Amino acid sequence: MACSGQRGAALLIALIVAALASVLAISMIERGQSTLARTQALLDSERAYQYALGMDLLARELIDQARREGAPPDQLNGSWTPVFPVPGGRIQGRLLDQQARFNLNALTHPDAARRQQARQTFERLLELLALDPVIALELADWVEGATVARPGSAGNSVYAAFQPPYRLAGVALAHPSELRWLRSMTPEAYARLAALVTTLPDPDTRININTTSAPVLAALMPELSLEEAERVLADGPWRELRGFLNHPIVQRQPIPDLQLQRQITTTSRDYLAQARVTLDGVERDYFGLIQLGATGYDFRWFSQGVP
């Protein structure tokens, strides 16, 4: 009986050891699979990043080629390139002309008169989009670091309705998404405004009349209606500013030619390059702000997933 009990205990111990060995083996396999998956994800992400950098180089070539050959302006503002097959997936890209949009950083211009013009343009843009005009008040208060009187308020009362987590006080906005800190900026309002505004390092207002939209052009010229702006843009593109300024509808506007010429252009130097990389069914978007300068093309910033 004792021998039988010993054999039973030995069998039980063997079973326990085998069970523990199985648990350890499974744990090691799972950890190995997790490490392998993490490594593969890192490799895919790095590969997609390198493809995106290659698309940015292609974007520079596309800008140069379009300017040399006089390509239609929309080719440099939203048109996707053909799809390029790459090992494991595909890639394509496009350029978004940032000078087709209103530069919010014009509100931080060192010249007070220019700041005032920019603020009036932004207020007009909000009006054309039927958005809350308080957005302009809050933004001016935020970027200028000054208290701003609310329209229709009695006396000299000020409008201090929001508390962002930081004050700009003359410092340029880093990205249009910072508008979301304004209390009056609803998700619906931001969705309507986001495609019409930008935040460029240069605080000047320089709108490309060949790529801009009717709301931005009408905001720049206060007496111009949306319908008139659409008619003017339909008669473009223009190779020279003089052709635009001689347009019958533009000539009827009271804004001085010199002031208008300072705010418009027929070419652009700021582009947002977007590369869409799809590898193994996973889609990734990369964005880079390209600025044409005296020394060539400079990358102002580069990001994944955030335009």
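The label point for ALA194 and the one for ALA130, both projected 7 Å from the Cα toward the Cβ, are 2.1 nm apart. Taking 0.36 nm per residue of separation and subtracting the Cα-Cα distance, full extension of the segment from SER177 to SER79 would add 32.9 nm. Once the C-beta distance of ARG239 and ASP64 is scaled by a Förster radius of 22 Å, the resulting FRET efficiency is 0.80 to the nearest 0.05. In a fully extended conformation the segment linking ILE255 and GLU230 would gain 7.2 nm over its present Cα-Cα distance, using 0.36 nm per residue. Within the shell defined by Cβ-Cβ distances under 15 Å, the residues around PRO82 carry a net charge of +2, with Lys and Arg each +1 and Asp and Glu each -1.
Spin-label model, VAL86/ALA112: points 7 Å from Cα along the beta carbon direction are separated by 5.2 nm.
Read-outs: derived from the displayed coordinates by stated rules, not from any lab. This is a predicted model, so every value here is computed, not measured. Note that we place each Cβ from the backbone using ideal geometry, even for glycine, and neighbour counts take in every protein chain shown.
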